[in-house]
Every structure is written in C-alpha cells, then in structure tokens.
1. In the neighborhood of Val415, defined by Cβ-to-Cβ distances under 12 Å, what is the net charge if each Lys or Arg adds +1 and each Asp or Glu adds -1?
2. Which FRET efficiency, nearest 0.05, do Ile118 and Ala513 yield, Cβ-Cβ r, R0 25 Å?
3. Provide the FRET efficiency to the nearest 0.05 for the Asn78-Arg277 pair, computing r from the beta carbons and using R0 = 56 Å.
4. Could you tell me how many degrees, from 0 to 90 and to the nearest 10, lie between the Cα long axis of helix 409-419 and the main elongation axis, the longest principal axis, of the Cα atoms of the chain?
5. Tally up the carbon and sulfur contribution to the accessible surface of the chain as a whole percent, 1.4 Å probe, everything protein left in place.
6. When DSSP assigns beta bridges and you keep just the ones with both residues in the chain, what percent turn out antiparallel, to the nearest 5?
7. Accessible area per residue for the chain in Å², computed with a 1.4 Å probe and the full protein assembly in place, what is it?
8. Using a 7 Å offset from the Cα along the Cα-to-Cβ direction at both Arg386 and Gln266, what is the distance between the two label points in nm, to one decimal?
Amino acid sequence: MTAGTNEDTGFAELGLRDELLKALTTLGYEEPTPIQREAIPPMLAGRDLLGQAATGTGKTAAFSLPLLQTIPSPGGDNPSALILVPTRELAVQVSEAIHRYGKDLGTRVLPIYGGQPIGRQLRALENGVDVVVATPGRALDHISRGTLHLHDLRVVVLDEADEMLDMGFAEDIEAILQETPEDRQTVLFSATMPPRIDGLARSHLNDPVRIQIGREPTAAGEAPLVRQVAYVVTRAHKPAALGRVLDVEAPGAALVFCRTRDEVDQLTETLNGRGYRAEALHGGMGQEQRDRVMARLRNGTADLLVATDVAARGLDVEHLTHVVNYDVPSAPESYVHRIGRVGRAGREGVAITLAEPREHRMLKTIERVTKQRISIEKVPTVADLRARRLELTRAALHESLVADDASLSQFRVVVETLSDEFDLMEIAIAAVKLAHEAAGIGDGDQEEIPEITLRAPREAGSYGDRPGSGDRSGPGRRVAVRDADGRGRGREASGRRVPAGGMTRLFVGAGRAAGIRPQDLVGAITGESSLSGRDIGAIEITDRFSLVEVPEGSVDEVIDTLRRTTLKGRRPVVRRERFQP
Ligand code: AMP
C-alpha cells in the first residue's frame, strides 16, 4: 500500500468538498467509519436521517461534515444549523469538532448551554453565527428572549436524542422545533431506538433514511476464539492503564490500534518514553518505512506496533499474541477484523480494549453482534503489578534451576563463602532482589488509576414506562428510579433509600409545592455541570424539598452549579443532606 490520503481512502468518494477533506487529512483521519459512509451521502442529498449509533462510532463527523458542506459559510445574521445535545459537555465537544472540520470554510460555530454567562452568548449571537450547538433548556431561553432566531435554519440535528428525552427535554424539543422552518432537513441520532424516539422521528422527520450500526449479526464462527477483555478508563489515564496492562500481560508481540495518525504518533512516543519498544505504522508512511518497521517487529527489536486500521490492513504478522484497541472501534465489524489477527491456527490470543466510560455502550453492541462476551476487568493495581513482576522473577529462577545449567556451579563458591556469615535463606533473598532489579522489573510505575464503576446499561426500549419505585417523578424518569449499581437497594429506617455506593445525597430546598419536577433538577445539574443524566442517581421529591443523588466526587461542583442557577425562578438552599446513613 502506498501513502494514504483521503482522496484514495474514501472521504472524497462520499462527495465531500476539498476544504473538508483537507481538514480530515490534517486531523489524521484515514477513512470514513461505517456510520459516516452510510450517513454522509444521503445527508448531502438533503434527505432526513434517523441514525442509531452510540458514542465512538464517529457519529459527530457523520452529521457535521455534510452539514458544513450544505450550509452557507459564513452565512447571514441568523444561524443555518442547530444541533441539540443533552449536556454542556457534549455541546462543547460537538462545537469543537465542527470548528476543526469547518476551519477552512470559515464556519462560525457557537455552543450555548446553561451555566455560561448569557452575556457572552448574546454578543456572539449578535455578531452572527452559522451553527449553534445547544442544550434544549438554554436554546429555549434564548428563543424566548428573542436572541436566537431559527427561521433561517436549513438543518436541525437532534444528537443523543434518547438521552435528551430521558432527561425530560421532550417538551423543550417540541417547542424549539415549532420555531424552525417546515422545509428544514432534520437528522436524529440516538444510541437506542425505543418507541418514544420512533414517535419523535415520525412527527418531525420526513421520510428519513434509516441507519443502524451493528445491525447485522456476524456469522457464527467468524469471530475468532480469543480471550476478550476490556478496561474502562478515562482518557487521561489511558496511557498509564495501557502500560499497566501490557506489563501484566507481557505480550510476545502486540498490535495496538488507534483511530487517527496523530494518535498513533503520540501513543508511540508515550510508550517509548515509558520504556516499551513501540513502532508507529500509519497510512502516511511510505512502503520502505513500513517494511523497516515490520522487520523490527519480526526480528524482535520491537514488541509493539501502533497502527491505524488502514495501515494494518493486509499486514501479515505471524506471531502476534495480543491485539489492543486503544479506543473502542467504530463498528463491530472493525472489532472482529482487528481481533481476527490473533488466535490464528489454534494459537492462543488476547484482545484488549480500552473504553472510555461514555463508550461502554459500544462494547455491548459488539458483544451482541459477535455473540461473544467481552469481560470488563479492573485495571491491574500497583500491587497486582508488583505481584506479577515477582512472579516473573520467580518463573525465571525456576527455569534456571530446572534447566540443569552447568554454569551455575561457578556461583556456588559465592554462596558458600557468604554462608559462613549469613543464613542461606537470607542469601537467597538478597540474590533474588538483585536478579529482580537487574531484570529491569522494578517498581517505577506507582500511578494509581481510578476504578470506574459502570451502571448496568439501559436496554433499548426498556425505559420510558418503568414505574417509579416510590418516587413521585411520574413515568419515564429513568434517573429517578435507577440504582447506580443497577441493583435494588435497601431502605433506611425512615423509609428513604440508602444512597448507592459512591453516591452522595444532596438536599435541595424546593419540592413539589414549588412545581419542581425531576427533569428540572436533572436539567439544572447537567445543563450547567460536567455531569450527564447517566451520572445522576435517584431523585426523591417531597412537597417542600428534593433529594438528589450525585457521584461523591462531583458534589462540590453540583452544589456550586445549583447555587448559581434558578429553579422555577427561585434560588433554593442546596447542601449535602445531613442525614446520610
Ligand atoms: P464520536 O462517535 O462522534 O464521539 O467520535 C469518536 C471519536 O472518533 C472522536 O474522537 C473522533 O475524532 C474520532 N473519529 C471520528 N471519525 C473518524 C475517522 N473517520 N477516523 C478516525 N477517527 C475518527
């Protein structure tokens, strides 16, 4: 294969214009993901679209690239595209992605969400914006102030629509769509397709093209039988987690997959900095360079190959023991393809996936499609690693002892002379210590990697009418009835629930009498903090006050956020509940 450019790897074939292709090359994207391949052409043709895709599939680029191509940039005074997202975090992410893709087009993009001073948003809106990425609450706020005009919109995107409905934004979304032109193009992305999403699509999408990732089950036997493990870690801890896992697994030869060229280069550098022998391989490299890298892996001067999918295609590495997905692959097919490189010809293979918390749903999709289990394990701790390293030293010594090695006799005299002064056990311990350290398997890596506990993932269609277990939140409030650990919980003597592990209950001094509904609390918290609806635990609303469970680590942020916000026009008292069990 020759050095790849987007012209020969598929983005140009989708009909994207040069400015966008150039941006993608700069970002190191080598080929479209399946959802991009399917969504971009119909969107460019002006069709409405209903896409089922989770985070990690490349859905943001799937709707952003055609949107950027379709709208005038820079356009007039009013926005041409509106993207509604459930959280502030996603608003910022999507907005940054659009800014990067649309750089050469001069597209003006603005995220608007609660919590940010409204003045700054007002000024930006006044100056003219092409794409607005907004949380529904704040978008409606601007519409009612007359500061966001939607009558020139050409495209509306509802991103993570299930999450928005889940957070109680259904009415807000309806109200916003009322303000948009009839002939707009409408795109809806959702990780799950429960009946409520279908209903939303039926009322607001016009003969949409339907796209679903991971719909086709892989034929039985297609996925190889390898040990499949996943670790859930935050982005910031990924390099350390990978190092830890590699140390414990001690692969003979491993292929580590990254999404982009930039990621390949960065990770290779990081791994080499941490003492691994890693080589980068990506589509931007010439054949000669690639051959050199392959030779180094074959002759054992490198242990790790860090590659993009494109670069690894057609690569024949006989003795691979491990495949690592540094990010969750963008589609189950790609996962199957990647891990098909180990466990060949009856040899044992291991497939390791590092997933960010937001991407764990994609793991479930992959499990469903491949009909194989991916076991989610804890990243080895410093203590695990120490134990493993000692085990390696023990194994090396054992091997030397059973090998009937004649050269050992020259060391006998050393032990004998020392034994005049010391006990044999003490001499052995000191010798093992030296051997352990000399093998370079010291205890340098002391970084603790926080353990992330996942909630039981919501099954498609399973929320929406689950009866609230004693909460008065009405139907459809998943967050109000959900346990953080996905299991049932006990109750305190007061009849109140015991917060789930890792959760803390907050007291909010406004309740039903003030018209507070769960969605008001969820909206106020997620719209203005870094939490998403998924992070919030049970909510109880009484006449005079409400109790909300939030992750312990986010308590201060949430209190701060709620104190700065108004709830139904009031600023209620917010504090940790005093009666935590
Ligand atoms: P998303 O599913 O939209 O959250 O995207 C997941 C990640 O994949 C983001 O970090 C994107 O930058 C990255 N990404 C999206 N499309 C591609 C592509 N075609 N090639 C490489 N990386 C991509």
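The values are calculated or read from the model by the stated rules, or taken from the named source; none is laboratory data. Because the structure is a prediction, the values reported are computed rather than measured. Because the Cβ atoms are built from the backbone with ideal geometry, glycine has one as well, and the counts that use them run over all protein chains shown. Keep in mind that these areas ignore ligands, DNA and RNA; they rest on the heavy atoms of the full protein, side chains included. Shrake-Rupley method; radii C 1.70, N 1.55, O 1.52, S 1.80 Å.
1. On the way: positive: Arg412; negative: Glu416, Asp420, Glu421, Asp423, Glu426.
Value of the local net charge: -4.
2. Working: r = 28 Å, r/R0 = 1.13.
Calculated value: 0.30.
3. Values: r = 56 Å, r/R0 = 1.00.
With R0 = 56 Å, the Cβ-Cβ based efficiency is 0.50.
4. So the inclination is approximately 90 degrees.
5. Details: 13210 of 26120 Å².
The computed percentage sits at 51.
6. Values: 14 of 62 bridges.
Percent antiparallel among DSSP bridges in the chain is about 25.
7. Numbers: 26120 Å² over 581 residues.
Normalised by residue count, the accessible surface of the chain is 45 Å².
8. Taking the two extended label points, one gets 3.2 nm.
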